[in-house]
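Here's the structure, in C-alpha cells; my notes come after.
The values are calculated or read from the model by the stated rules, or taken from the named source; none is laboratory data. Model, not experiment: these values are computed from the prediction. Here the Cβ positions follow ideal geometry from the backbone for every residue, glycine too, while neighbour counts run over all protein chains shown.
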Amino acid sequence: MATGNGTKNSVEAALRRYAEEWGGNVECAWGRFGRFLYWPYRWGVVVPFLGLSTLVLAPLAVLLSVIVSPNFASKTIATFWARVNSFMTPMWVSVSGREKIRDGVSYVVVANHLSHYDIYVLYGWLGLDIKWVMKKELEKVPLIGWVCKSMGHIFIDRSDSAKAVSTLNHARKKVRGGTSVIFFPEGTRSDDGSLNHFKKGAFRFAHDLGLPVLPVTIKGTRAILPKGSTELMPGGVSLVVHDPVDVRAYKKEELGAIVNRVRNTIRTELEDV
C-alpha cells in the first residue's frame, strides 16, 4: 500500500516538475506529454494510412459506380473509408437525433464546418447517401475530380448563372429517393470554432427543389484537426441531427428567415457545452 502511494506521489511530483518547466499547469503538461507520445503514431501510422486508404478505395469506388451504381459506391465505400480512417486516428463519434431522418426522404443537409474531419463524421455516421455540391474547378483536380464525378457529386460553375441553372436542373435527377445533398453554408472552416455567417445558396437550392433542410451540428472535430494545422490528435466528437425544416412553408423572398432559423438551431447546440 505504501509502495503504491509512493509511486503515485512520485508520478505526480514528476508531472508537476514537467509542468513548471513548461510554465503551465498539470493539465497542460498532460496535454503536451500526450502530443509527444502521439507524434510518432501520427506521422508513422495515421497520415500514411489516410493517404493509402484513399488511393486504394478511390479506384474501387469508381469501379462500383460503373458496375453497380454511383449511389451504392457513394454510400458503402465512402462510409467504410470514413469509419476506418476515424478508427485509425482514433476518433470516437456519438450520434443523437438520427431517428429524425425518414427513410426514402431526400434532404438538403446543412452543417457547421470546423475541420477536415467533419467529412469523416458526416460520411461515416449520418447514415445518408449524400452528394456534395462542389466548385467546378475541383472537377479538373487529378483523382479527386475523377472519383467525385463517378460517384455523382454535383459540380457547379458559380461564375456562369446559365450553367448554374443547368446544373440545378441536372441535380433534380440525382437528389431523390433518399439521396441527399450536403452543404457547409459558412463556405469554409471556422478559424476559432465560432459559427460564421451563413450563405443562402444551400437554402435557395432546397427551396428550388422543394426539399426539406436538415440542420446538423458537429462538435469536437476542431480539437482533432484545426484549420491550418497539421497537429492531428485523437479525440471524441458528437454529431447532432436536428428537426428538418419544411421550406415549402416559406416564400422565396423569405429565405433569410430559413437561414436564421437553421443557423440559430446550430448555434444554440454549439453553445450547449
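For region 175-188, residues that are crowded, with 16+ Cβ neighbours inside 10 Å and either of a type outside the set (Phe, Trp, Tyr) or more than 15 Å from the chain's Cα centre (by Cα) (or both) total 8.
Just to be sure I understand, how many residues within region 58-81 are buried (at least 19 other Cβ atoms within 10 Å of the Cβ) and more than 20 Å from Gly178 (Cα to Cα)? Residues that pass the stated criteria total 3. Considered as a group, the residues in region 229-273 that are free of Cβ contacts under 8 Å to residues at least 24 places away in the same chain and of a type in the set (Gly, Ala, Ser) include one that is farthest from Ala202 (Cα to Cα), and that residue is Ser229. Checked against (1) touching a helix residue (DSSP H, G or I) at 6+ places or on another chain (Cβ under 7 Å); (2) crowded, with 20+ Cβ neighbours inside 10 Å; (3) closer than 21 Å to Ala58 by Cβ, Asn112 passes all but condition (3). Checked against (1) of a type in the set (D, E, K, R); (2) over 20 Å from Phe205 (Cα atoms); (3) surrounded by 17 or more Cβ atoms within 10 Å (Cβ to Cβ), Asp129 meets all criteria but (2). Just one of the listed residues (Lys227, Lys199) is in contact with a Pro (Cβ under 7 Å, 6 or more places away or on another chain), surrounded by 13 or more Cβ atoms within 10 Å (Cβ to Cβ), not in a helix (DSSP H, G or I) and not hydroxyl-bearing (Ser, Thr, Tyr), and it is Lys199.
The single condition from (1) in contact with a helix residue (DSSP H, G or I) (Cβ under 8 Å, 6 or more places away or on another chain); (2) assigned to a strand (DSSP E or B); (3) touching a residue at least 40 places away in the same chain (Cβ under 8 Å) that Val121 fails is (2). When residues in region 231-251 are screened for being surrounded by fewer than 19 Cβ atoms within 10 Å (Cβ to Cβ) and either out of contact with any strand residue (DSSP E or B) (no Cβ under 6 Å at 6 or more places or on another chain) or part of a strand (DSSP E or B) (or both), 12 of them pass.
Filtering region 42-76 to residues that are farther than 25 Å from Gly220 by Cβ, β-branched (Val, Ile, Thr) and either touching a residue at least 12 places away in the same chain (Cβ under 8 Å) or in contact with a strand residue (DSSP E or B) (Cβ under 7 Å, 6 or more places away or on another chain) (or both) leaves Val62, Val66, Thr76. Evaluated against (1) assigned to a helix (DSSP H, G or I); (2) touching a residue at least 12 places away in the same chain (Cβ under 8 Å); (3) of a type in the set (Gly, Ala, Ser), Gly187 falls short on exactly one condition, (1). Checked against (1) within 27 Å of Asn71 (Cβ to Cβ); (2) modelled with pLDDT under 90, Asp192 meets all criteria but (1). Under the condition of being part of a strand (DSSP E or B) and not charged (D, E, K, R), which residue from region 124-141 is modelled with the lowest pLDDT? Among them, the one singled out is Met134.
Just checking, does region 259-273 include any residue being in a helix (DSSP H, G or I), hydroxyl-bearing (Ser, Thr, Tyr) and at pLDDT 95 or above? Quick ask: steps written out before the conclusion?
Of region 259-273, the ones in a helix (DSSP H, G or I) are 259-271.
From what is left, the residues that are hydroxyl-bearing (Ser, Thr, Tyr) are 265, 268.
Those still in the list that are at pLDDT 95 or above too: 265, 268.
Yes, the conditions are met somewhere in region 259-273.
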